[in-house]
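Please treat every number below as a calculation from the coordinates, not as lab data. The structure presented is a predicted model; accordingly, all values stated were derived computationally and were not measured. For neighbour counting, all protein chains shown are included, and Cβ atoms are generated from backbone atoms with ideal geometry for every residue, glycine included.
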Amino acid sequence: MRRYFDWEGWSFTAVFALLSLITILVLIGPTIVIMMLSFTGEETLHFPPTHYSLRWYRALLDANELQDAFIISIKVAAITVVASVVLGVSAAMTIARSKSPWMRGLETLFMSPLILPALAFGFAALMMFSLLGFRPSTFTLSIGHIVVCVPFVLRTTLASLAQLDPALLDCSVSLGASDLYTFRRITLPLIGRGVASGGFIAFMSSFDNVPVSLFLQDARTQVLPIYLWDIIQNQLDSRAASACGVIIIATIVLMVLMERFAGFSRFMK
């Protein structure tokens, strides 16, 4: 029999491979560029650097304002993670246990911050806090971040609860265990990886948040992303590249650790 070349299958594979390559370049290319720029030995940022040095990484040790912005970002992110985990797990447990159709609407309500444009929410939150008499502060900034980060914990916790065998909980109750004891000794250990994954996503989302922080911060609570934007826009400071390099390296390390101990990728599908 005469065999024909499968042009249709080959063309589909070639187009799909080309699009995948373009996607990878778009995603990884900027990261490679900023990592190279972070090691520049020059006073200004231009690519490619003519020579490389660690001078701007050492300069971070003397950048007091940048360190203050970093500490504020870590503080707000930590508060956001704790509150998001408590609220997200509580909501997920309530939604998973209830058979009421109204719970689907409650889930949609909790997930709505992911749909609402962040700039619109940030402006609306600023107006609401102003009407209530609150000035921009760490408190208002944390509240704004919590609202947009709870959905991440809720989603990963619901995914974990969907894989939980209800018979285990029924056995615990039938043996006389209280709801709190069952949650602490059975439910939480089994859904712990999902909760940890949601907490990690919430931490990174809070730490890297710009739209909400832009409206809810003041001069005393300037977070790191906004500070980096300011020095890039006004000074084109090379320390911004080295700070981004530290963030990228730390993020990769944290992602590897989360994948190793919590199976992070399972909850991102």
Based only on Cα atoms, what Rg/Rh ratio does the chain have, Rh being taken as Kirkwood's radius?
1.07
GNM on the chain, Cα springs under 10 Å; top mean-square fluctuation among 116, 132, 164 goes to 132
Neighbouring Cβ atoms within 10 Å as the yardstick, rank 191, 146, 186, 28 fewest first.
28, 186, 146, 191
For region 78-171, what Kirkwood radius comes out of the mean inverse Cα-Cα distance, in Å?
14.7 Å
For a footprinting-style exposure proxy, rank 237, 170, 68 by other Cβ within 10 Å, fewest first.
170, 68, 237
Going from the fewest other Cβ atoms within 10 Å to the most, one would list 221, 138 as 138, 221
When the scattering of region 42-85 is computed by the Debye formula from its Cα atoms alone, each counted once and equally, what is log10 I(q)/I(0) at q = 0.21, 0.29 Å⁻¹?
-0.76, -0.98
Given the options 25, 224, 66, which has the most mean-square fluctuation in a GNM of the chain, springs set between C-alpha atoms less than 10 angstrom apart?
25
